[in-house]
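Please read the structure below before turning to the comments.
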Amino acid sequence: MLDILMIEDEPNIAEAVQFILTREGWRVALHGDGLGGIEAIRGAKPRLVILDVMLPHRSGTEILAELRGDHDASLAATPVLMLTARGQATLALPQADAVLAKPFANDDLRAMVRRMLN
Amino acid sequence: MTHRPGSRILTGTRIRERRLALSRRQADVARAAGISAAYLNLIEHNRRPVGDHLVTRLAAVLDVSAAELAEGREESQIAALREAAVRLPDDVSPELDQAPELLARFPGWAAALIAAARRADALERQLVTLSDRMTQDPYLLTTLHEVLSAVTSVRSTASILAEGGEIPPDWRDRFHANLDADSLRLSGTAQALVAYLDSFDTQGAIFTPQEEVEAWLAAGAPPVRDSADLASDAARAMARAHLLRMEEERAALPDALLAEASGDPDPLRMADRLGQPLDRVMRRLAVLKPPGYEGAGLLVCDGSGALTLRRPTAGFPLPRPGDACPLWPLFQALATPQTAIANVVEAPSGRRFRTLSLATRHQPLGTDGPLLTRAQMLILPEERGSPGRADLLIGPACRICPRAECPARREPSILLTA
């Protein structure tokens, strides 16, 4: 089973996060566009979704709203960590389980993911 | 003649000043004018209004014209002084009821206070608009997002390399290449950002009259005189001309008539049925936004392509005034006047919009006058996820457009500097 699906359009950030989390022992997959994001989650059924807010074609908040409304109750309850470049204080994301503001420290990312997966 | 309470509020002060200038006792003047000394005392301290007949009698006693005693009803200045007082911090509480006295006795200081308050008000407004610009300017938002993305990548990647531990050689090489690319992107974006912020200084006035009018329209077009958005004379003149045009157009095509016809999704058919010119129907749809056209926006340009009116619609990428995407169908319409052009355009965000563009020609000075061309584009957002595809990929303006292969590109995008 996939541990983490990351939806992020910045390939260099996605690669860095994938490396950091893979080294911790988690299985991580990437999806690079808002388009098809919800389908990727449905297909992979990950334990955790890391979702960027600003994505091309379909924003992270739209994908999150669609996920929470999914008819599969267990999928709809998938924990979601939102990444935002706008700062946590300026963005209300009530449907997200956690929000991490860019730029972030790798230790903070690891700690947050560990807490959400455990 | 009747008098309003307060309308002669300064007259009392003038009577007192005049009496003291003549070194006359209050009781003597009161007796000569046929009133009690106590009543005159109240009048002189502006605690009783004074009617025209009494002013005339007092003026005769004080050997001055009635007009001189009653003139200069500076209600607006008193109001301005009170307004200035209201804007003071809570712990400063000037004597509001003494504002008329201050104005009468020290007109210079009162004028200075009013001017200072007005200047503070104008500066405050400018600060608010600058603050709005910093938080809403699409160029700044896009650029800052770029900076944050590049910084995030650099920070995470550099930390991976600094943390130690085993890193496979191919990953190490990839991280080095990523760092190089991100640092290049960061330096390019930072330079673009600095150049952009520098342009604020060289522009002098940050807001053009057109921007002021747009802000006024966005605020719901409140009365021109009261609008804080219309700071310049030019903007106020443009706003008044705009209101006049809107009024004429509303008279020619009333709201009820347009709303009744708006069930038709095709403005051309609608114009035909209404017996109205299409350009008027398009403008009226963008103003009234009847059912079926709730999200309508409108762009208007003159024959040079300069945008003269921008009524934005949600999601449509509008850059700063003075900039535009050359692929907007609006500009294609200029080449084919009197022909409506329908398109489905797609923004870089993936949002699609139906557009209807039309250029019209006018000779307002008659056959001897110049031929003027004006184009307008009605913008109607499509439902998210609706079927179909766009026939034209558009953007906001080249500098903030991510479409690398666009054949219409005229300058590099800051989004493509990596």
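For the reader, a short list of remarks on this structure follows.
- Per-residue Karplus couplings for segment B:221-232, computed as 6.51 cos²θ - 1.76 cosθ + 1.60 with θ equal to phi - 60°, are listed in order as 6, x, x, 4, 5, 8, 6, 6, 6, 8, 8, 9 Hz, Gly and Pro entered as x.
- Of the GluC sites (Glu not before Pro) in segment A:20-101, those whose Cβ has at most 16 other Cβ within 10 Å and which sit in DSSP loop: A:24
- Taking each residue as 0.36 nm, the span from residue B:56 to residue B:306 lengthens on full extension beyond its C-alpha to C-alpha distance by 83.8 nm.
- Mean residue ellipticity (222 nm) of chain B, computed from DSSP H runs ≥ 4 via -39,500 (n - 2.57), nearest 500: -16500 deg cm²/dmol
- Dipole in debye (nearest 20) - segment B:137-202, about Cα centre, beta carbon charges: Lys, Arg +1; Asp, Glu -1: 100 debye
- Per-peptide average of other Cβ atoms within 10 Å, ordering B:224-230, B:404-410, B:393-399 highest first: B:393-399, B:224-230, B:404-410
- Förster radius 45 Å - calculated FRET efficiency between residue B:109 and residue B:246, Cβ distance, rounded to 0.05: 0.55
- Sites residue B:162 and residue A:29, calculated FRET efficiency, Cβ-Cβ separation with R0 22 Å, nearest 0.05: 0.25
- Using a Gaussian network model of chain B in which every pair of alpha carbons under 10 angstrom is joined by a spring, one finds that among B:382, B:212, B:166 the greatest mean-square fluctuation is at B:166.
- Counted charge near residue B:292, where neighbours are those whose Cβ lies closer than 11 Å (Asp, Glu -1; Lys, Arg +1): -2
- Charge dipole (Cα centre; +1 on Lys/Arg Cβ, -1 on Asp/Glu Cβ; no other charges) of segment B:205-252 amounts to roughly 120 debye.
- Net charge of Cβ neighbours under 12 Å - reference residue B:189; Lys, Arg +1; Asp, Glu -1: 0
- Most positive-pole-ward Cα, B:107, B:252, B:232, against dipole of chain B from beta carbon charges: B:107
- Likely footprinting exposure, B:377, A:112, A:82, fewest C-beta neighbours within 10 Å first: A:112, A:82, B:377
- With the charge dipole of segment A:4-117 set up from +1 on Lys and Arg Cβ and -1 on Asp and Glu Cβ about the Cα centre, the Cα lying farthest toward the positive end among the listed residues A:56, A:93, A:74 is that of A:74.
- Within chain B, the whole DSSP H helices whose Cα atoms reach 27 Å or more along their own axis and whose mean Kyte-Doolittle score is at least 0.5 are B:138-163.
- Rounded to the nearest 20 debye, the dipole magnitude of chain B is 1280 debye, with +1 charges on Lys and Arg beta carbons, -1 on Asp and Glu beta carbons, and the Cα centre as origin.
- Highest-MSF residue in chain B out of B:210, B:338, B:98 [GNM, Cα springs under 10 Å]: B:98
- Residues of segment B:265-289 falling in the label zone of residue B:255, defined by backbone nitrogen less than 12 Å from a point 7 Å along Cα to beta-carbon, are B:288-289.
Since every read-out is calculated from the coordinates, none of them should be taken as a lab result. The model shown is predicted, which means the values in this text are computed figures rather than measured ones. With ideal geometry, Cβ positions are generated from the backbone for all residues, glycine too; neighbour counts draw on all protein chains shown.
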